[in-house]
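J.: Sharing a structure, written as structure tokens. Questions coming.
The values are calculated or read from the model by the stated rules, or taken from the named source; none is laboratory data. Just so you know, these numbers come straight off a predicted model, no measurement behind them. Positions of Cβ are backbone-derived with ideal geometry, glycine not excepted, and every protein chain shown enters the neighbour counts.
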């Protein structure tokens, strides 16, 4: 079943071209989350076959991711706070807790957005706290693009160099994910260290 889905995605991306990448990554980054691996790795494979341009694949993958993230950002920006304050009390999420979360994201939102885009299960939803805290749109787009760009490039290059070897794709995808998680942990630790050092001076 999974093989058929992947084959369909390869065929769809091939038929729709770069617009198909934008649409699928938009969906992946917003309200219809599914693994970006099944879009960007096949696109990288098509680039290897000469049917697409490698740089363009990454660019349009990032474009789709940013557009999907912006949808979530604006949903949270316009409707998030009233919704949370109205229904959060049923989950013991008080206005005081909301304010603390809001203050944290105002201070550390850019870094949180960047790291969140690198982590599975988080990248689709990190846009919501950014919108809730009204994180600067320029910062949001910049750090979303950076995180999405790294992730998209990793997947595209896996598809480009590994091609249709499914076992190798699984192996290198897992290794890349582990590396990015370790990178994220190290980045956060360094950020906390330098932030504390700055505050103590």
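J.: Spot the failing condition for residue 155; the list is (1) over 18 Å from residue 38 (Cβ atoms); (2) touching a helix residue (DSSP H, G or I) at 6+ places or on another chain (Cβ under 7 Å); (3) part of a helix (DSSP H, G or I), and only one is missed.
T.: It is condition (1) that residue 155 fails.
J.: Given the structure, is residue 157 crowded, with 17+ Cβ neighbours inside 10 Å, closer than 24 Å to residue 65 by Cβ and modelled with pLDDT under 85?
T.: Against the criterion (crowded, with 17+ Cβ neighbours inside 10 Å, closer than 24 Å to residue 65 by Cβ and modelled with pLDDT under 85), residue 157 does not qualify.
J.: Can you give me the number of residues within region 55-82 that are surrounded by 13 or more Cβ atoms within 10 Å (Cβ to Cβ) and modelled with pLDDT under 90?
T.: Residues flagged as surrounded by 13 or more Cβ atoms within 10 Å (Cβ to Cβ) and modelled with pLDDT under 90 within region 55-82 amount to 6.
J.: Under the condition of being modelled with pLDDT of 85 or more and surrounded by 15 or more Cβ atoms within 10 Å (Cβ to Cβ), which residue from region 1-23 is farthest from residue 44 (Cα to Cα)?
T.: Just the residues of region 1-23 that are modelled with pLDDT of 85 or more, to begin with: 18-23.
So of that shortlist, the ones also surrounded by 15 or more Cβ atoms within 10 Å (Cβ to Cβ) come out as 18, 20-23.
Details: 18: 12, 20: 14, 21: 11, 22: 14, 23: 16 Å.
Filtering first and then ranking leaves 23.
J.: Which of the residues spanning region 41-56 are more than 16 Å from the chain's Cα centre (by Cα) and part of a helix (DSSP H, G or I)?
T.: Result: 42, 43, 44, 45, 46, 47, 48, 54, 55, 56.
J.: Applying the selection to region 98-124, what residues are more than 10 Å from residue 147 (Cβ to Cβ), in contact (Cβ under 8 Å) with a residue 12 or more places away in the chain and not in a helix (DSSP H, G or I)?
T.: The answer is 120, 124.
J.: It is to be established whether one or more residues within region 125-134 are assigned to a helix (DSSP H, G or I), in contact with a helix residue (DSSP H, G or I) (Cβ under 8 Å, 6 or more places away or on another chain) and either more than 23 Å from residue 62 (Cα to Cα) or at pLDDT 90 or above (or both).
T.: Checking region 125-134: not a single residue is assigned to a helix (DSSP H, G or I), in contact with a helix residue (DSSP H, G or I) (Cβ under 8 Å, 6 or more places away or on another chain) and either more than 23 Å from residue 62 (Cα to Cα) or at pLDDT 90 or above (or both).
J.: Looking at region 175-183, can you tell me whether even one residue there is surrounded by fewer than 18 Cβ atoms within 10 Å (Cβ to Cβ) and touching a helix residue (DSSP H, G or I) at 6+ places or on another chain (Cβ under 8 Å)?
T.: yes
J.: Could you count how many residues in region 135-154 are more than 13 Å from the chain's Cα centre (by Cα) and surrounded by 16 or more Cβ atoms within 10 Å (Cβ to Cβ)? Working first, answer last.
T.: We begin by selecting, within region 135-154, every residue more than 13 Å from the chain's Cα centre (by Cα); these are 135-139.
Subset that is surrounded by 16 or more Cβ atoms within 10 Å (Cβ to Cβ): 135.
Of the residues in region 135-154, 1 are more than 13 Å from the chain's Cα centre (by Cα) and surrounded by 16 or more Cβ atoms within 10 Å (Cβ to Cβ).
J.: Answer yes or no as to whether residue 192 is in a helix (DSSP H, G or I) and either at positive phi or at pLDDT 90 or above (or both).
T.: Here the answer is no, as residue 192 does not meet what is asked.
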